[in-house]
Amino acid sequence: MAFKFPSDEWIKELANQLNASEAYEKAAKDWEGDFIFVVEPDEAYPHTAYLFLGLYHGKSTDAALLSSENEREAEFILRAPYSNWRNVIEGKLDPIQGMMTRKLQVKGNMMKIMRYPKAAKEIVACCALVPTEFAA
Amino acid sequence: MWYFVSPQIVFGEGAICALDELQGCRALIVTDRTLVELGLVGQVKDRLERAGFEVRIFDSVEPDPDVQTVLKGAEVARAFEPDWIVAVGGGSPIDAAKAIWVLYERPELHPAEINPITPLGLRCKARMVAIPTTSGTGSEATMGIVLTDREERRKMGLGNREAVPDIAIVDPCMAAGMSPQLTADTGLDALAHAIEGYTCAWHTDFADGLCFNAARLIFRYLPAAVANGADLEARERMHNAATCAGLGFSNALTSIAHSMGHALGAVFHLPHGRAVGICLPYTIEFAAHQAPERFAELAALLGFSQAGGEEGARALAGAVRELCRRIGNPTSIAETGLSRADYEAHLDKLVDDAFNDTSMMSAVRSPSYEEFRQLFLYAYEGKPVDF
């Protein structure tokens, strides 16, 4: 079964994959900080979507599709057009390189993110494990 | 989409004369006391003064500089208001100078906030010249800034594209006085930059040639530079190789050997180049098991093996070990004299620190926590990696 991206089911499945990942658990064992991923419209996807991912000490505590950016509080907001998210999920765009080239725009404490590069890698590895159905 | 960033590089014997053409009023030299005592800083100061600069020297940079040092240096800079920051030294003074420069321009920042993603807005107050006095770090051509967090005994891999110096003066005479041991250690650092820059997941067409050529020069000239420091051809080619490797990896990235080397350096104070030189072959063998292509390609280009695949990659690891032996450097951590008990007592911290080092971002094969533990143990024992 494939999960549509972006959707409530997709982000919940990512949380499941993270919670099953020993590599992520080790890499993020001290991590505290929730994310909102903002999927912005582009030629491949006409809507805006907000995905909440709660992360605490190597586990995902919560995951949900939000109706707006303000529905939940998160320490980090990562924003990119749909096609750039697709490239990240498909492993074509390294998320750190994406941030360095402003293809992904991050709001939050960069000093904290840069201390957990392995965790970022493992999140992307888990994304790749989610069977994903993309728009067009 | 990616970037290639480089300073203007002035190189060769007599390159130091480029200081004569510098335009400005005040220059802050950032260096260490040893280089002042050796007279190398005096040469730079004299040239700057002849060029019309008022010069101040900040010579408090220690090996593996920490946050407090760069905060002190930034205070000096703010009081003196230089329009040029001139770094003279190996990686420690050059990295410290970059951080001092950033904090001079952006006094509200903490050094740990220097990251590759947030724009810094440098060059409003000063520009930077870097003059390497070792042939290894390549910091004169890189965006990287390595500072040590002494409380946590951890090296922080910081950096930003804007922190690449404006000018790198790569004059072999400035490195001619290095001891054989320093020549060997720093040369292996440059080799690790070249090999990891070529083989990491972030490698690029623009950096590949620099990394390959640097590796070629190091395999050829490092033994001669160690054996006879007066061999000026070897000195010059090594000095150029280190900058090529720096430029190469700064526009790609380093990888697992550097993450292990940073952890070992912070915990046991092993010289950085010696630590990465030891770790490099083990990390090549580890990667070779699943992703041998780039290593095998480099081994073929360097003439070590045409076998390709894992066999070719392992030939590269073997060539690195052989080079270490030729220049009298250890090929295992045990050979450095660290006791096994002491090593194992710190193993969890080594793995934790290496696991989340910024160099891990570009590993072609990403080790699990347990595999990392094994890598550290194999590197201690000198056992070729078989997993």
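The values are calculated or read from the model by the stated rules, or taken from the named source; none is laboratory data. Please read all numbers here as calculations on a predicted model, not as lab measurements. So basically every Cβ, Gly included, is an ideal-geometry build from the backbone, and we count neighbours across all protein chains shown.
Miscellaneous remarks
- Failed item, numbered, when B:PRO330 is tested on (1) touching a Cys at 6+ places or on another chain (Cβ under 9 Å); (2) assigned to a helix (DSSP H, G or I): (2)
- Positions within the range B:364-375 being at the interface with another protein chain (Cβ under 8 Å from one of its Cβ atoms) and either under 23 Å from the mean Cα position of the chain (by Cα) or at positive phi (or both), in sequence order: B:SER366
- Hits in the range B:265-279 (condition: touching a His at 6+ places or on another chain (Cβ under 9 Å) and not small (Gly, Ala, Ser)): B:VAL267, B:PHE268, B:HIS272, B:VAL276, B:CYS279
- Number of the exception - B:ALA296 against (1) without any contact (Cβ under 8 Å) to a residue 40 or more places away in the chain; (2) surrounded by fewer than 21 Cβ atoms within 10 Å (Cβ to Cβ); (3) assigned to a helix (DSSP H, G or I): (2)
- Of residues in the range B:334-363 being small (Gly, Ala, Ser) and assigned to a helix (DSSP H, G or I), the one farthest from the other protein chains (Cβ to nearest Cβ): B:ALA334
- Selection within the range B:376-387: residues that are in contact with a helix residue (DSSP H, G or I) (Cβ under 7 Å, 6 or more places away or on another chain) and surrounded by fewer than 18 Cβ atoms within 10 Å (Cβ to Cβ). The member of this set that is farthest from the other protein chains (Cβ to nearest Cβ) is B:GLY382.
- Residues located in the range A:21-33, provided they are out of contact with any strand residue (DSSP E or B) (no Cβ under 9 Å at 6 or more places or on another chain) and not in a loop (DSSP other than H, G, I, E, B): A:GLU22, A:ALA23, A:LYS26, A:ALA27
- Applying the set (1) over 30 Å from B:MET260 (Cβ atoms); (2) more than 14 Å from every other protein chain (Cβ to nearest Cβ); (3) within 12 Å of the chain's Cα centre (by Cα) to A:ASP42 leaves exactly one unmet item: (3).
- Restricting the range B:13-40 to residues that are exposed (fewer than 14 other Cβ atoms within 10 Å of the Cβ) and at positive phi, the residue that is farthest from the other protein chains (Cβ to nearest Cβ): B:GLY39
- Residues in the range B:1-59 that are part of a strand (DSSP E or B) and without any contact (Cβ under 8 Å) to a residue 40 or more places away in the chain: 4 in all.
- Matching residues, the range A:54-101, being of a type in the set (Lys, Arg) and more than 21 Å from A:LYS118 (Cα to Cα): A:ARG72
- From B:ASP149, B:ASP166, B:ASP208, residue being away from chain A (no Cβ under 14 Å), surrounded by fewer than 24 Cβ atoms within 10 Å (Cβ to Cβ) and farther than 21 Å from B:ALA241 by Cβ: B:ASP166
- Flag if A:ILE36 is without any contact (Cβ under 8 Å) to a residue 60 or more places away in the chain, surrounded by 16 or more Cβ atoms within 10 Å (Cβ to Cβ), under 13 Å from the mean Cα position of the chain (by Cα) and not in a helix (DSSP H, G or I): yes
- Residue check, B:ASP149 in contact (Cβ under 8 Å) with a residue 40 or more places away in the chain and within 18 Å of B:ARG47 (Cβ to Cβ): no
- Answer residue from the range B:45-72, given it is among the aliphatic types (A, V, I, L, M) and closer than 28 Å to B:ILE114 by Cα and is modelled with the lowest pLDDT among those: B:VAL67
- A:GLY58 passes every criterion in (1) within 14 Å of chain B (Cβ to nearest Cβ); (2) under 27 Å from B:ARG161 (Cα atoms) apart from (2).
- Of all residues in the range B:173-205, those satisfying the criterion of being part of a helix (DSSP H, G or I), touching a helix residue (DSSP H, G or I) at 6+ places or on another chain (Cβ under 8 Å) and surrounded by fewer than 23 Cβ atoms within 10 Å (Cβ to Cβ) are B:CYS173, B:PRO180.
- Filter result for B:PRO63 (more than 25 Å from A:ILE96 (Cβ to Cβ), within 20 Å of the chain's Cα centre (by Cα) and in a helix (DSSP H, G or I)): no
- Selection status of B:ALA242, in contact with a Cys (Cβ under 6 Å, 6 or more places away or on another chain), touching a residue at least 60 places away in the same chain (Cβ under 8 Å) and either in a helix (DSSP H, G or I) or closer than 25 Å to B:ASP95 by Cα (or both): no
- Only listed residue being under 24 Å from B:PHE249 (Cβ atoms), touching a His at 6+ places or on another chain (Cβ under 9 Å), within 14 Å of chain A (Cβ to nearest Cβ) and small (Gly, Ala, Ser), chosen from B:GLY91, B:GLY157, B:GLY136: B:GLY157
- Considering only residues in the range B:94-123 that are of a type outside the set (Val, Ile, Thr), within 14 Å of chain A (Cβ to nearest Cβ) and part of a loop (DSSP other than H, G, I, E, B), the one that is farthest from B:VAL170 (Cα to Cα) turns out to be B:GLU108.
- The set of residues in the range A:7-22 that are surrounded by 22 or more Cβ atoms within 10 Å (Cβ to Cβ) and touching a helix residue (DSSP H, G or I) at 6+ places or on another chain (Cβ under 8 Å) comprises A:LEU14, A:LEU18.
- Only residues that are surrounded by 18 or more Cβ atoms within 10 Å (Cβ to Cβ) and either over 21 Å from B:SER362 (Cβ atoms) or more than 14 Å from chain B (Cβ to nearest Cβ) (or both) were counted across the range A:67-80, and they come to 3.
- Residues of the range A:21-35 include none that is within 28 Å of B:SER368 (Cα to Cα), more than 14 Å from every other protein chain (Cβ to nearest Cβ) and among the aliphatic types (A, V, I, L, M).
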